[in-house]
1. Test of understanding: in a Gaussian network model of the chain with alpha carbons linked when under 10 Å, which of Lys185, Lys98, Lys146 would top the mean-square fluctuation ranking?
2. Hey, in the GNM for the chain with a 10 angstrom Cα cutoff, which one of Asn191, Asn112, Asn73 fluctuates hardest?
3. Which option, [x] 45; [y] 36; [z] 20, is the value of percent of Cα pairs over 29 Å apart that was calculated from these coordinates?
4. Can you give the net charge of the other residues whose Cβ lies under 9 Å from the Cβ of Gly197, counting K and R as +1 and D and E as -1?
5. What net charge do the residues around Phe125 carry, taking every other residue with its C-beta under 11 Å from that of Phe125, with Lys and Arg at +1 and Asp and Glu at -1?
6. Please report the spacing between the Cα centers of segment 22-68 and segment 99-146 in Å, no decimals.
7. Taking the Cα centre of the chain as origin, work out the dipole magnitude from +1 charges on Lys and Arg Cβ and -1 charges on Asp and Glu Cβ, in debye rounded to 20.
8. Taking 35 Å as R0, compute the FRET efficiency from the Cβ-Cβ separation of Phe125 and Asp48 and round it to 0.05.
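Derivation of every value follows stated rules applied to the coordinates shown; laboratory data play no part. Only a predicted model underlies this, so the values are computations on that prediction, with no experimental measurement involved. Virtual Cβ from ideal backbone geometry, glycine too; neighbours counted across all protein chains shown.
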Amino acid sequence: MGNNGMKFLLGKKIEMTQVFSDGGKVIPVTLVEAGPVVVTQIRTKEKDGYQAVQVGFGKKKHLTKSIKGHLKNLGDFRWLREYKIVDSLKNGEPTIPKVGEKIDVSIFKEGNTVGVRGISKGKGFQGVVKRHGFKGMKATHGTKEKYRAPGAIGSRFPQHVRKGKRMGGRMGHERVTRRAVEIVKIDVENNLLALKGAIPGPRGSLVEIRG
């Protein structure tokens, strides 16, 4: 599985900490409980119109009957995700895993760079100062209780607020991808990855890792 270019895992963000390099340099890292994931379905061009691998991760107590039937006693997974199979050929044919096969952190090596995707922290409804970095109004010369106001939003033409105007609104809770994230440490026994720097999402949230 790790030799055919299809390197992907699901994980759960634990916390941020720091490790020391061989030269004594402090490296900030994020610990992720990555896998093992189980292959739950193989999609083919003949049947589904595209090639993909579906994997399951995490545990959930209560599943619907349809999901239980789909999983076929492979496990009570909290998350299911699909990854399209790239054209990495081996002896002229794509190397495709089998249903029930497990994938763990051993597919990666320390020093590898991966893409990490997660859902950013939700910050609720925010004004323009926090959401868009507006300066706000001056605090003198008659300004009263308008320090963080957005200012005028209209225009002479076309007599309505244009779509996409920067205003207050919901902030965060968006899918964010970080590319070229270095794997600093790997703990195969405990299924842990130490990824350099910060990654999107709160503690306990789902993280998608792809090499």
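1. Lys146
2. The residue with the greatest mean-square fluctuation here is Asn73.
3. Of the listed options [x] 45; [y] 36; [z] 20, [x] comes from this structure.
4. +1
5. +4
6. Result: 23 Å between the Cα centres.
7. My answer is approximately 1600 debye.
8. 0.30
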